[in-house]
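Notes for the one structure printed next.
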Amino acid sequence: MRHMIAIGLALVLPACGGGPNSPEDQIPNVAGTYVGPIAFTVGGSPAPTISARMVVVQAGSQVTITGTWTVSGQAIPLTALTGNVNATGFFTATSGGAPSSVDPTCGAIRQTELSITFSGNTLQYVERDSTQLCGNWTFSGTLTR
């Protein structure tokens with residue numbers, strides 16, 4: 001009897017919106033080139049704005065992000081970041097990204113938070129880093145495709 005109930009539920013549940021083709025399972029198309037400003041703060045004080053260009057390549061839910069940040073006229077390549085985007089546009093990194101580094105003025109730098117969310121034609125970027133000598137750094141901005 002339990003076997004028959006399980007089969008019945010397996011046939012009925014996809015029709016109730018929980019199946020693999022339901023709207024909540026649709027992955028948004030986020031591929032493209034996004035550009036815009038990234039605000040940079042050091043210890044809560046504004047620093048020069050960064051011009052960002054991020055290139056997003058997508059295969060299903062898997063996404064790879066590359067690009068450059070331009071600071072005071074100098075282009076700095078971003079380390080490739082790979083991960084997955086879910087149906088709401090939230091990106092979860094699985095590899096890559098900025099390794100810990102050392103700045104001659106601020107000492108050791110360690111990333112403490114990274115959040116990337118896609119919505120329509122925008123990419124919302126938030127990164128927080130802690131430094132050994134200069135306090136916390138925050139990078140945030142909305143880039144447009």
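A simple count of charges around Ile76, restricted to other residues whose Cβ falls under 13 Å of its Cβ and scoring Lys, Arg +1 and Asp, Glu -1, yields 0. A crude spin-label estimate for the pair Glu113 and Phe90, with each label 7 Å from Cα along the Cβ direction, gives 1.4 nm.
Any read-out appearing in this document is the output of simple, stated calculations on the displayed coordinates, not a laboratory observation. Just so you know, these numbers come straight off a predicted model, no measurement behind them. All Cβ positions, even for glycine, are placed from backbone atoms using ideal geometry, and neighbour counts span all protein chains on display.
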